[in-house]
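Engineer: I'd like to ask some things about the structure below.
The values are calculated or read from the model by the stated rules, or taken from the named source; none is laboratory data. All values reported here derive from a predicted model rather than from experimental measurement. When we count neighbours, we look across all protein chains shown, and the Cβ atoms used for this are built from the backbone with ideal geometry, even at glycine.
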Amino acid sequence: MIKKILLLLILVPNISFAGSMKMIGEEGNMSEVSKVIEVKMYDNYYEPSQFKIKKNQTIKFIVYNYGELVHEFNIATKEMHLKHQPEMMKMVVNDIIVGGKIDKNKMKEMSKTDHSMSHSHSNSVLLEPNQSAELIWKFNTDASLEAACNIPGHYESGMVAKIFD
């Protein structure tokens, strides 16, 4: 009986997270990319500030951090961003993110006991200043989406880009 309860405790969060990820689309394939969008992250806004994307379109985002702080580019619903923000706060409280630096060793170590600290989802990139990354995403949903930075205070200050059809 105890083994069944433990198994449920391990599986349920993973199942619900996988379900919520499907709700916002899925990791795209390079061979299906129909549009490339360059995103510039500054302190605390994106250029462009909105993206026109059609349903079932696969987009390659090339994301640059031109700010002086660490920033995130995360594709999700507003509700998912609000749920993700406490995880980002934990990264700050535990000195994984400090100003313009990410302590990747501490991130790796803490993620062994708290998977949310790994920040390794296909809908998101976390970048130090002067770094860039690519993200390929298939928008196969009708959900209302936005790209946002969930580092404490950034979302609240307007670091959000609307995604619309």
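Here is a yes/no grid of residues against (1) touching an Asp or Glu at 6+ places or on another chain (Cβ under 8 Å); (2) part of a strand (DSSP E or B); (3) not hydrophobic (A, V, I, L, M, F, W, C):
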| position | (1), (2), (3) |
| --- | --- |
| 106 | yes, no, yes |
| 126 | yes, yes, no |
| 137 | yes, yes, no |
| 147 | no, yes, no |
| 161 | yes, yes, no |
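Listed here are the residues, each with its yes/no results for (1) farther than 16 Å from residue 150 by Cα; (2) in contact with a helix residue (DSSP H, G or I) (Cβ under 6 Å, 6 or more places away or on another chain); (3) among the acidic types (Asp, Glu).
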residue	(1), (2), (3)
36	yes, no, no
51	yes, no, no
60	yes, no, no
72	no, no, yes
75	no, no, no
79	no, no, yes
82	no, no, no
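Engineer: For segment 1-56, what are the residues that are small (Gly, Ala, Ser), modelled with pLDDT of 95 or more and in a helix (DSSP H, G or I)?
Structural biologist: 31, the sole residue that qualifies.
Engineer: Further, regarding this structure: For residue 75, state whether it is touching a strand residue (DSSP E or B) at 6+ places or on another chain (Cβ under 6 Å), farther than 27 Å from residue 117 by Cβ, buried (at least 21 other Cβ atoms within 10 Å of the Cβ) and aliphatic (A, V, I, L, M).
Structural biologist: For residue 75, the condition - touching a strand residue (DSSP E or B) at 6+ places or on another chain (Cβ under 6 Å), farther than 27 Å from residue 117 by Cβ, buried (at least 21 other Cβ atoms within 10 Å of the Cβ) and aliphatic (A, V, I, L, M) - is not met.
Engineer: Among the residues of segment 83-101, how many are within 21 Å of residue 156 (Cβ to Cβ) and either in a strand (DSSP E or B) or without any contact (Cβ under 8 Å) to a residue 12 or more places away in the chain (or both)?
Structural biologist: Residues meeting the conditions: 5.
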